[in-house]
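Working notes, beginning with the structure itself.
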Amino acid sequence: MIDKQYDKVSGTFCGPDPVVLAAKILELVSYSQRRPIKITRRFMKVEVIDAWRSMLLERDVDQLSVWWGEREQVSRSGEVVGVDLPSVPFDPLEILDNLSELPFTLAVMPPLTGHQWNPGDEDVYFVPKIGSSHSGLGWGAILKGAGHDRFMSSRRWIDHGPWRAFCGPEDTTFIPA
């Protein structure tokens, strides 16, 4: 059973246009209709202003996060958009159905146990990353359209690799780790 702390879907997404992607994600998450409770830019708290949406949808955004509550966050860092999706069921086929219309090419689902780093531990494990601003590779990844060609050397690997793949609408493939 999944611990309640990790019972929501979250991920980092990249696509052809991060501004359009961020706008579509804001339409998808109902909590973005409320006023945020916290905004950070480069990990420093900034004043919560009514123009938070414009800040998030600027063309060149680096390390901006907007929070509405615990596990209700949308962030932008370069070409990557991060989001908590508490209303999306924790099931591969449901995830594909809920997210396939977003304009992305790669989505990375972070580890369920949060950061996997323990200072002072000799056996430190660093979660592998697919890209510089993506979360560490956790319990799965979703490829869409051109993402199949960019992140896999051949689409045939999806069907013949040592993993289970779920195919969804809009040429999406969910690969659990």
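The values are calculated or read from the model by the stated rules, or taken from the named source; none is laboratory data. This structure is a prediction, so every number in the text was calculated from the model and none was measured. A quick note on method: Cβ atoms are made from the backbone with ideal geometry, for glycine too, and the neighbour counts reach across all protein chains shown.
For the range 18-36, the criterion of a residue being under 19 Å from Trp139 (Cα atoms), touching a residue at least 12 places away in the same chain (Cβ under 8 Å) and within 13 Å of the chain's Cα centre (by Cα) is satisfied by no position.
Where in the range 1-82 are the strands (runs of 3 or more DSSP E), entirely inside, with at least 2 residues that are under 22 Å from Leu99 (Cβ atoms)? Explain how you work it out, then say what you get.
Numbers: elements: 9-14, 38-41, 44-46, 64-69, 72-77.
Those strands (runs of 3 or more DSSP E) span 9-14, 64-69, 72-77.
Are any of the residues in the range 46-57 farther than 30 Å from Arg164 by Cα and basic (Lys, Arg)?
From the range 46-57, those farther than 30 Å from Arg164 by Cα are 46-57; that's our starting set.
Those left that are additionally basic (Lys, Arg): 53.
Checked against the condition, which is being farther than 30 Å from Arg164 by Cα and basic (Lys, Arg), the range 46-57 yields at least one hit.
Restricting attention to the range 126-151, the residues being out of contact with any helix residue (DSSP H, G or I) (no Cβ under 9 Å at 6 or more places or on another chain), modelled with pLDDT of 75 or more and among the charged types (D, E, K, R) number 2.
So for the range 107-125 (the condition being in a loop (DSSP other than H, G, I, E, B) and modelled with pLDDT of 80 or more), does at least one residue qualify?
Here is the first cut: in the range 107-125, the ones in a loop (DSSP other than H, G, I, E, B) are 110-125.
If we keep only those that are modelled with pLDDT of 80 or more too, we end up with 110.
The answer is yes, given that some residue of the range 107-125 is in a loop (DSSP other than H, G, I, E, B) and modelled with pLDDT of 80 or more.
Here are Gln63, Gln73: which of them is touching an Asp or Glu at 6+ places or on another chain (Cβ under 6 Å), closer than 14 Å to Ser135 by Cβ and of a type outside the set (D, E, K, R)? Before the answer, list the steps.
Numbers: Gln63 fails: touching an Asp or Glu at 6+ places or on another chain (Cβ under 6 Å).
One residue alone meets the criteria, Gln73.
Within the range 136-170, the only residue that satisfies the criterion of being more than 17 Å from the chain's Cα centre (by Cα), part of a strand (DSSP E or B) and not hydrophobic (A, V, I, L, M, F, W, C) is Gly168.
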